[in-house]
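Structure first, then comments.
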Amino acid sequence: MRRPCPATSSSSRTVPGGARSLVRWLLAACLTFALSTPADARRSRNRVEIPTVYAEAMAKGTTDRMAAIADLESALTGKVDADARPWLMLAAGEQRRLAGDSAVARAWFERLDSEYADHVLQNSAKLGLALLSADESLSGNVVATLQLIEGSTIPDTMQADRYRLLALDGLEQGSPPGRVQQYVRQAVVHAVADPMVEARVKVTLADMLTKEQDEQLEANGAELPSLEVEAIRSAREALQAGRHSEASRLATQLLTNWPESEYALEAGYIVQRADSGDRVVAAKVGVLLPKSGDYSSIGTQMEDVIRLANDHMGGRMTLVFRDAHGDTESTVTALEELVIDEGCVAILGPLIKTDVMAAAETAQALGVPLVALSHAKRPTDAGEFVFRGFMPIRQQIEALVSHAMDNEGLRTFGVMFPDTGFGTHAAESFQAAVEARGGSVVVSVGYSPEATDFRSDAKRLGGKDYTARAAEYARLQRDAEEKGMDPSKVVLPPSVELDGIFIPDSWKRVGLVASALAYEEFAIGDFRPHRHAQRVALLGLNAWNNPGIVENGGGYVQKSVFVDAFSPAASRPGVENFVESHRSVLKRAPGVLDALVWDATHLVGEAVLAAGPDRAAVRDELKEVKLASPVAGGGHFGEDREVARDLLVLTVAGDSIREWQPPALDPTPSETP
């Protein structure tokens, strides 16, 4: 990484014009005298034998740098051939430099320089030190060193970075174009030895490369890790391998070098975990639920289900519960304690939407698998350690639209939605899902969530402009009068033809909305405004799944369709036993929340029991686990780390809610609201 040079870093940066060149020439002359020895001249006439172990280590570093470092440093701590030892020290220092670990790289280069003062590799060590200094400040002294050091044993990666820096400096200082291009050519020639260095040369010298040189460099910089990425990867691997002091040092170094890094939070947690010994306890699971505040009763209900599910699996998980009641800061603190102090191998929760994203980002930074119990937002966006065990809105909408269009053949829709954040999101998601399948939403109307009379909203949905359709309205009034009916009660029929109407609201309000739609002569449920009216299907989400909808909606909600993950009457394997166990132990009938938590607990349980005391292994097991009999239709996680769920399609039939079946021939409906 080439950083800006402060004005005080070298006198050659503060003098003008020709004086600057003179200062540099004098520095170069002094360094030539200091670095050149009679031994150098003698060695240059001799062919250098490069140990095979060194060549193999450098080659391995091009594909797995951390593995190469581990091999080299392991060899150097044991017995190694005396002739090969300085070569392995050089390789260790260079691989550490390329991994962004400047402190350890510097230590290796300094040891090589001091312990093997007359060795053929001494200049390589000096160049390595100069390159590390260049990362801090490309001063005149450093530039002169980069220009003057020679040696047939200098690694290609050092040569590439050396000439890359000289080309950049030459361009900045106005050096002759021929000299700059010579540096560029040398950088390109040597860079091909290592993909990361190749990418670095290609990116940083992009404006100076000829077409042929650019084509010669095959590496794609966008596909290769930066020094910053290498630094966090090194810290992670050291922590995972139990090298705690090394992990702490690497993470601290990252925070020093890149304080604004996107990995800063993770690096801070690596320091904390490493300094505390990074305790991890097999099958110990932290649970974040609201134990206080407005949602404490739901938290207690969920805790009961989690304990029951653990008992069902033989009680093999150790559960540690913490309060997460909607205060983000306290939730993050609780999560940190569960991981760093308690050694939990996985986390279940939280539930409340204000907690979920902060918890997800914290879990990702801590490197602990978390299975969120919230349908809100997108916690899985935080990273690969975060999963969701609940049922997001888009999952319901996709299942609903799939059924409506594929099974019932509906193509044209209207939407009536509560004018809230949830309602707007649901309406927009529904329209997107319909259009993705080639259907259309021709009208969408929002209504006040406090309203109790929805006739004006239903009128808007039907496109009823009484002024524009005055002649039609007058004719309908005359017809009604001729039939002995009250003309004041005549309403215009809808001007839009709909196959279905989506209402993303609760069962308590659906009955009122449906009665307003019937009043405005939409042919919903069992109601038909006239003999030849075509039924308009009412469609909803799992908030409709309550027996109260039958009484509230009456005939207007008959044959309406909605989706949910669970029904006590579902024919799925395992549901009957789950319902009986729930009633027997918890003394209440289970709902969808209970079923979702039951399955999520089993998914976590299967993963942690298979993985042991290894959080990364738990993450990997979560991606593979498959439940034999999920009661909420979700037996495994998909590639997006959301539960891949097979939702039930439910309908109101008579006095109950049942699983949808292809309809028989409709009976003749009534003609009055």
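Where a number appears in this text, it was derived from the coordinates with a stated rule and is not lab data. Since the structure is predicted, the reported quantities are computational estimates derived from the model, not experimental observations. FYI the Cβ positions are ideal-geometry reconstructions off the backbone, even for glycines, and counts take in every protein chain you see.
Rounded to the nearest whole Hz, the Karplus-based 3J(HN,Hα) values (6.51 cos²θ - 1.76 cosθ + 1.60, θ = phi - 60°) of segment 360-373 follow the sequence 5, 5, 5, 4, 4, 5, 7, x, 10, x, 10, 10, 6, 10, with x at glycine and proline. Ranked by the mean number of other Cβ atoms within 10 Å of their residues, highest first, the peptides 450-462, 501-513, 540-552 come out as 501-513, 540-552, 450-462.
Here, P(r) means the percent of Cα pairs in each 5 Å bin from 0 to the largest distance; for segment 228-272 it is 5, 31, 39, 19, 5, 0.
Counting Lys and Arg as +1 and Asp and Glu as -1, each charge on the Cβ, what is the dipole of the chain about the Cα centre in debye, to the nearest 20?
The dipole magnitude comes to about 960 debye.
Taking a ≥ b ≥ c as the square roots of the eigenvalues of the alpha-carbon gyration tensor, the chain is classed prolate because a/c is 1.5 or more and a/b outweighs b/c. Could you tell me which of rounded, prolate or oblate describes segment 63-114, using a ≥ b ≥ c as the square roots of the eigenvalues of the alpha-carbon gyration tensor, with rounded for a/c under 1.5 and, failing that, prolate when a/b is larger than b/c and oblate otherwise? The shape class here is oblate. Considering only T452, G414, S656, the residue lying farthest towards the positive end of the dipole of the chain is G414, judged by Cα position with unit charges set on Cβ. Helix 507-519 axis versus longest C-alpha principal axis of the chain: approximately 50°, rounded to the nearest ten. Near the amide H of S444, within less than 5 Å, lie the amide hydrogens of V415, all on another chain or at least 5 residues away, with H placed in the peptide plane. For the chain, the residue among S330, H403, W544 whose Cα projects farthest onto the positive side of the dipole built from Cβ charges is S330. Close amide H partners of T318, meaning residues 5 or more places away or on another chain with modelled amide H under 5 Å apart, are K284, V285.
Report the net charge of residues surrounding D323, where surrounding means a beta-carbon distance below 12 angstrom and charges are Lys +1, Arg +1, Asp -1, Glu -1.
-2
Each helix, a run of at least 4 DSSP H residues, gives -39500 (n - 2.57); summed and divided by the residues of the chain, these come to -15500 deg cm²/dmol at 222 nm.
Based on the alpha-carbon gyration tensor of segment 210-301 and its eigenvalue square roots a ≥ b ≥ c, which shape applies: rounded if a/c is under 1.5, prolate if not and a/b is larger than b/c, or oblate? Verdict is prolate for segment 210-301. A simple rule links phi to the HN-Hα coupling: the Karplus curve 6.51 cos²θ - 1.76 cosθ + 1.60 with θ = phi - 60°, which for segment 379-386 gives x, 5, 5, 5, x, 6, 8, 10 Hz, with x for Gly and Pro. Each Lys and Arg adds +1 at its Cβ and each Asp and Glu adds -1 at its Cβ; summed about the Cα centre, segment 431-575 shows a dipole of about 200 debye.
Each of S139, A372, A468 was placed along the dipole of the chain (beta-carbon charges, centred on the mean Cα), and the one lying farthest toward the positive end is S139. In this structure the amide hydrogen of R411, modeled in the peptide plane, comes within under 5 Å of the amide hydrogens of D499, none closer than 5 places in sequence on its chain.
How about K291: which lysines have a C-alpha closer than 24 Å to its C-alpha, ignoring those fewer than 8 places off in the same chain? Filter leaves K353, K377, K587. Applying the Karplus relation 6.51 cos²θ - 1.76 cosθ + 1.60 with θ = phi - 60° to segment 611-625 yields 3J(HN,Hα) values of 8, x, x, 8, 5, 5, 5, 4, 4, 5, 5, 4, 6, 10, 4 Hz, where x marks Gly and Pro. Summary of packing: across the peptides 74-85, 199-210, the per-residue average of other C-beta atoms within 10 Å ranks them, highest first, as 199-210, 74-85. The angle between the Cα long axis of helix 421-436 and the main principal axis of the chain comes to about 90°, on a 0 to 90 degree scale.
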